[in-house]
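The values are calculated or read from the model by the stated rules, or taken from the named source; none is laboratory data. What you see is a predicted model, and the numbers here were worked out from it, not measured in a lab. Glycine gets a Cβ as well: all are built from the backbone with ideal geometry, and neighbour counts include every protein chain shown.
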Amino acid sequence: MQATIDIEQLGFDAGAHVLVKHALAALAPGDALLVRGRAPDWQGQLAAWCRAQGHDCAFARRGEEDVATLRRRADPAGAAGQSGAGGRWRGALRTGHADPALPDALAERADPRWGLAARGATVEAGSPAIAFRLDRRDEVWGERAADLYAQAAAAQWDPQTAIDWAAPFELPDIVEDAVVQVLTYMIENEVAALVVPARFLGQLHPHYREVQAVLAIQVADEARHIDVFTRRVRLKGREPGLSTAGGQASLKTLLDEPDFSVAEFLLSVLGEGTFVSLLHFLHEHAPDPVTRQIARLAARDEARHVAFGMTHLAARLADDPGFRARLANAVQSRNDALSATSGLNEEVFDALILLAAGGLTVEAVAAGYVKVQQLMRDMAEGRQARLERLGFDTDAARHLSSLHTRNFM
């Protein structure tokens, strides 16, 4: 039986194309559809629409009316799933893996012609190619990216409500100054931890959207940390403390690293992993409730950043075990580049001792110094453990951990 549709008085300038389009979608490629209509110039409008869509269209007189016979074009290769689209999609391509049984599978390399299209979408021929430097799966992927993004999205916290800014406390000037100096140092480190993923985010092909989402939420995390650290610095009317040339030189090496995997290794696996230990230390020894709350919340965020760095590097090394040597060389090169710098800001080191001491007696300072030395051992052991998890043997992991910048990040 001939498929037929009557669009009555509805013109193509008022939505008739929707009815025709869906009637054609119900047909197999090559089948015919009979169309009747009575709107002014519906024949010319239908003919123009068919030309744009790639369908054949022929008119004939039947009694007192004109009728049109449309023949649906076969779907072009590469546009599977676009039933009813016909020749309009000739030359189109599907974003994603070639295997249609894997609808959300990742391509080993993302095609510039996919541009900003959603993964799995059909991209119309003639769409502009958009080049993204990071367009290879092995360069960027981490198997836990989607889970880590979901965890991060669920764990976002509002600085206004998550921290009791009105909690009453008064500290001696020397202790307040120590808190301000440590947080001043942490702010510039968090700025680096924001800029590095933000820089790569703009270079990442959106086909790898889970990684894109992880980097975006890391940027949001760091922006929030900078905000709360700054608010705590100014909470008692202080200005930020000292920023040293050595500290900024150390952070500049992170900003200068062009390779995504190497930057993730230096920043997240080594630097932010070390910073998690520092934040736990600050949470334990903070002299006031606001600083304590900030350190706890920031440490939780930073641990997720480390987890993504680890899952990405694990995937990269599984594909290319030889990349491990490049990571080792990056640590050595960074150490060599910073050999003439002073390392950790002396004011920060002394402030940490004071916070751990809780006072200025000989006994308290001695105990504070021991605690800071233990912190540095904990940091080194944490780095070594993460390096061993990435396949470095014990001796190599210990050596590389010892080469990590004295500025912690």
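With the structure loaded, tell me whether Phe323 is aromatic (Phe, Trp, Tyr), assigned by TED's automatic domain parsing to the domain that holds Asp147 and modelled with pLDDT of 95 or more or whether it fails that test.
On the way: aromatic (Phe, Trp, Tyr): yes; assigned by TED's automatic domain parsing to the domain that holds Asp147: yes; modelled with pLDDT of 95 or more: yes.
So Phe323 passes the test.
Any residue at all in the stretch 238-245 that is surrounded by fewer than 21 Cβ atoms within 10 Å (Cβ to Cβ), part of a helix (DSSP H, G or I) and touching a residue at least 24 places away in the same chain (Cβ under 8 Å)? Show your work before the answer.
The initial filter retains those residues of the stretch 238-245 that are surrounded by fewer than 21 Cβ atoms within 10 Å (Cβ to Cβ), namely 238-245.
Subset that is part of a helix (DSSP H, G or I): 245.
Narrowing the set further to residues that are touching a residue at least 24 places away in the same chain (Cβ under 8 Å) leaves 245.
Checking the stretch 238-245: at least one residue is surrounded by fewer than 21 Cβ atoms within 10 Å (Cβ to Cβ), part of a helix (DSSP H, G or I) and touching a residue at least 24 places away in the same chain (Cβ under 8 Å).
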(message) All but one of (1) more than 20 Å from the chain's Cα centre (by Cα); (2) under 17 Å from Leu183 (Cβ atoms); (3) among the hydrophobic types (A, V, I, L, M, F, W, C) hold for Ala249; state the number of the condition that does not hold.
(response) (2)
(message) Where the second residue is assigned to a loop (DSSP other than H, G, I, E, B) and the first is basic (Lys, Arg) and lies in the stretch 38-55, which pairs have Cβ atoms under 8 Å and are six or more apart or on separate chains?
(response) Arg38/Glu8; Arg38/Gln9
(request) Name every residue in the stretch 94-114 that is at pLDDT 65 or above and crowded, with 19+ Cβ neighbours inside 10 Å, in order of residue number. (result) Arg94, Thr95, Ala110, Trp114
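Could you please give the count of residues in the stretch 56-72 that are assigned to a strand (DSSP E or B) and touching a residue at least 40 places away in the same chain (Cβ under 8 Å)?
To start, the set of residues in the stretch 56-72 that are assigned to a strand (DSSP E or B) comprises 56-62, 65-71.
Next, only the ones that are touching a residue at least 40 places away in the same chain (Cβ under 8 Å) stay: 70-71.
Adding up the residues that qualify gives 2.
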(request) Name, by its number, the condition in (1) in a helix (DSSP H, G or I); (2) out of contact with any strand residue (DSSP E or B) (no Cβ under 8 Å at 6 or more places or on another chain) that does not hold for Leu10. (result) (1)
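Against the definition (surrounded by fewer than 21 Cβ atoms within 10 Å (Cβ to Cβ), more than 22 Å from Pro197 (Cβ to Cβ), more than 32 Å from the chain's Cα centre (by Cα) and of a type in the set (S, T, N, Q)), how does Gln332 come out, yes or no? Give the derivation first.
Values: surrounded by fewer than 21 Cβ atoms within 10 Å (Cβ to Cβ): yes; more than 22 Å from Pro197 (Cβ to Cβ): yes; more than 32 Å from the chain's Cα centre (by Cα): no; of a type in the set (S, T, N, Q): yes.
No: the conditions fail for Gln332.
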(message) If I go through the stretch 319-339 residue by residue, how many of them are aliphatic (A, V, I, L, M) and in contact with a Gly (Cβ under 9 Å, 6 or more places away or on another chain)?
(response) 1
(request) Can you tell me which residue within the stretch 339-365, out of those that are among the aliphatic types (A, V, I, L, M), under 14 Å from Ser250 (Cβ atoms) and touching a helix residue (DSSP H, G or I) at 6+ places or on another chain (Cβ under 8 Å), is modelled with the highest pLDDT? (result) Val348
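Kindly check whether there is at least one residue in the stretch 338-345 that is in a helix (DSSP H, G or I) and either without any contact (Cβ under 8 Å) to a residue 60 or more places away in the chain or buried (at least 19 other Cβ atoms within 10 Å of the Cβ) (or both). Can you show your working first?
Let us first name the residues in the stretch 338-345 that are in a helix (DSSP H, G or I), namely none.
No, the conditions are met nowhere in the stretch 338-345.
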(message) Consider the stretch 379-398. How many of its residues are touching a Lys or Arg at 6+ places or on another chain (Cβ under 7 Å) and closer than 14 Å to Thr274 by Cα?
(response) 1
(message) I'd like the full set of residues that are within 33 Å of the chain's Cα centre (by Cα) and closer than 21 Å to Ala367 by Cα, limited to the stretch 336-353.
(response) Leu344, Asn345, Val348, Phe349, Leu352
(request) Pairs only if they're at least six apart or on different chains, beta carbon under 8 angstrom, first in the stretch 255-280 and over 15 Å from Leu400 (Cα atoms), second in a helix (DSSP H, G or I) and of a type in the set (S, T, N, Q); list them, first residue then second. (result) Phe275/Asn189
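Counting residues that are among the small types (Gly, Ala, Ser) and without any contact (Cβ under 8 Å) to a residue 24 or more places away in the chain, which helices (runs of 4 or more DSSP H) fully inside the stretch 136-235 reach at least 1? Break it down into steps so the answer makes sense when it comes.
Details: elements: 137-140, 145-154, 159-162, 173-201, 209-234.
In the stretch 136-235, the matching helices (runs of 4 or more DSSP H) lie at 145-154, 173-201, 209-234.
Let's see how each residue does on (1) farther than 13 Å from Ala3 by Cβ; (2) among the hydrophobic types (A, V, I, L, M, F, W, C); (3) not assigned by TED's automatic domain parsing to the domain that holds Glu124:
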residue: Lys21; (1), (2), (3): yes, no, yes
residue: Gly30; (1), (2), (3): no, no, yes
residue: Gln45; (1), (2), (3): yes, no, yes
residue: Cys57; (1), (2), (3): yes, yes, yes
residue: Arg62; (1), (2), (3): yes, no, yes
(request) For the stretch 342-354, indicate whether the set of residues that are hydroxyl-bearing (Ser, Thr, Tyr), in contact with a Ser or Thr (Cβ under 8 Å, 6 or more places away or on another chain), assigned by TED's automatic domain parsing to the domain that holds Thr184 and at negative phi is non-empty. (result) yes
